[in-house]
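**Q** The structure follows.
The values are calculated or read from the model by the stated rules, or taken from the named source; none is laboratory data. Since the model is a prediction, treat every value here as computed from it, not as a measurement. Note that each Cβ is placed from the backbone with ideal geometry, even for glycine, and that neighbours are counted across all protein chains shown.
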Amino acid sequence: MSEDAKILPLRPLPASPPQAGPELARSQLDTLTDDELMRLSTQNMRDAFATLVSRYQQRVRSHCSKWTGDRALGDDLAQEIFGELWRTRERYRPNARFAVYLFTIARNRCRNSRRDRRPTKPLEAEVPSGQPDQLQALLAAERQRRMDKEVGLLPEKLREAVLFRFGQGLDYPQMAEILKCPQVTVRSRVFLGITKLRAALKEETP
């Protein structure tokens, strides 16, 4: 199993009928498209679903964590998203747009979350003397912390647009399908979100 798969181990999935179809080696599964893996998943082939989880879990986990500003809550939401994907797997229709389907589920889960958001803890680290590489790493981490903080303060519609575009690398047609609005609206939200981020970060610069 890949290292990513170890980051967020999937909780036990709901019971299902006996697995259908021939067994496939993990090396074979890794070469299949998302649509092919979902087709096998609808046949209750859990190894195929596990491959999809391994392929996307870090992206989903990152998206949820940045959306909520809470890594632990992001992990919980990611678990729920993959659990829902498994339970509703028979609804999926192959169309080479699996990422749109998955992140639509992720968007709904994040927006419907009613848990209290815990504030992100400030970066706490000491700068070792005589270690310029570690200093650069510390500064990069601080910049990322500030960026994550400001993204979390964006209005919901701007936040999700920025996260889908720059956090997940989705294109505008995919985003328009997930967000259920015209591409011109998506572009406008991304532009406005980035404008607000630049202004906020500039204000924080000493």
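**Q** So Ser188 passes all but one of these: (1) outside any loop (DSSP other than H, G, I, E, B); (2) within 25 Å of Gly74 (Cα to Cα); (3) at pLDDT 80 or above. Which condition number does it fail?
**A** Looking at each condition in turn, Ser188 falls short on (2).
**Q** Something else about it: Being surrounded by 15 or more Cβ atoms within 10 Å (Cβ to Cβ), within 18 Å of Thr104 (Cβ to Cβ) and in contact with a His (Cβ under 7 Å, 6 or more places away or on another chain): is that true of Gln174 here? Can you show your working first?
**A** Values: surrounded by 15 or more Cβ atoms within 10 Å (Cβ to Cβ): yes; within 18 Å of Thr104 (Cβ to Cβ): yes; in contact with a His (Cβ under 7 Å, 6 or more places away or on another chain): no.
Judged against the criteria, Gln174 is not a match.
**Q** Given the condition touching a residue at least 12 places away in the same chain (Cβ under 8 Å), assigned to a helix (DSSP H, G or I), within 22 Å of Val151 (Cβ to Cβ) and aromatic (Phe, Trp, Tyr), answer yes or no: does some residue in segment 50-57 qualify? Reasoning before the result, please.
**A** Filtering segment 50-57 for residues touching a residue at least 12 places away in the same chain (Cβ under 8 Å) gives 50-57.
This time we only want the ones that are assigned to a helix (DSSP H, G or I), so: 50-57.
Retained after the next criterion (residues that are within 22 Å of Val151 (Cβ to Cβ)): 56-57.
Next, only the ones that are aromatic (Phe, Trp, Tyr) stay: 56.
There is at least one residue in segment 50-57 that is touching a residue at least 12 places away in the same chain (Cβ under 8 Å), assigned to a helix (DSSP H, G or I), within 22 Å of Val151 (Cβ to Cβ) and aromatic (Phe, Trp, Tyr).
Conditions (1) assigned by TED's automatic domain parsing to the domain that holds Phe164; (2) under 23 Å from Leu37 (Cβ atoms); (3) buried (at least 16 other Cβ atoms within 10 Å of the Cβ), marked per residue:
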{"residue": "Thr51", "(1), (2), (3)": "no, yes, yes"}
{"residue": "Tyr56", "(1), (2), (3)": "no, yes, yes"}
{"residue": "Ser62", "(1), (2), (3)": "no, yes, yes"}
{"residue": "Gly69", "(1), (2), (3)": "no, no, yes"}
{"residue": "Gly74", "(1), (2), (3)": "no, no, yes"}
{"residue": "Ile81", "(1), (2), (3)": "no, yes, yes"}
{"residue": "Trp86", "(1), (2), (3)": "no, yes, yes"}
{"residue": "Glu90", "(1), (2), (3)": "no, yes, no"}
{"residue": "Val100", "(1), (2), (3)": "no, yes, yes"}
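**Q** Conditions first: (1) modelled with pLDDT of 90 or more; (2) under 25 Å from Phe164 (Cα atoms); (3) buried (at least 17 other Cβ atoms within 10 Å of the Cβ). Leu8 passes all but one, so which condition is the exception?
**A** Result: Leu8 fails condition (1) only.
**Q** Sticking with this one: Is segment 91-99 home to any residue that is at pLDDT below 90, part of a loop (DSSP other than H, G, I, E, B) and of a type in the set (Lys, Arg)?
**A** The answer is yes, given that some residue of segment 91-99 is at pLDDT below 90, part of a loop (DSSP other than H, G, I, E, B) and of a type in the set (Lys, Arg).
**Q** Among the residues of segment 173-185, how many are part of a helix (DSSP H, G or I) and either more than 19 Å from the chain's Cα centre (by Cα) or under 16 Å from Leu153 (Cβ atoms) (or both)?
**A** Counting residues in segment 173-185 that are part of a helix (DSSP H, G or I) and either more than 19 Å from the chain's Cα centre (by Cα) or under 16 Å from Leu153 (Cβ atoms) (or both) gives 3.
**Q** Something else now. Name, by its number, the condition in (1) farther than 25 Å from Arg198 by Cβ; (2) at pLDDT below 75 that does not hold for Thr104.
**A** Among (1) farther than 25 Å from Arg198 by Cβ; (2) at pLDDT below 75, the lone unmet condition for Thr104 is (2).
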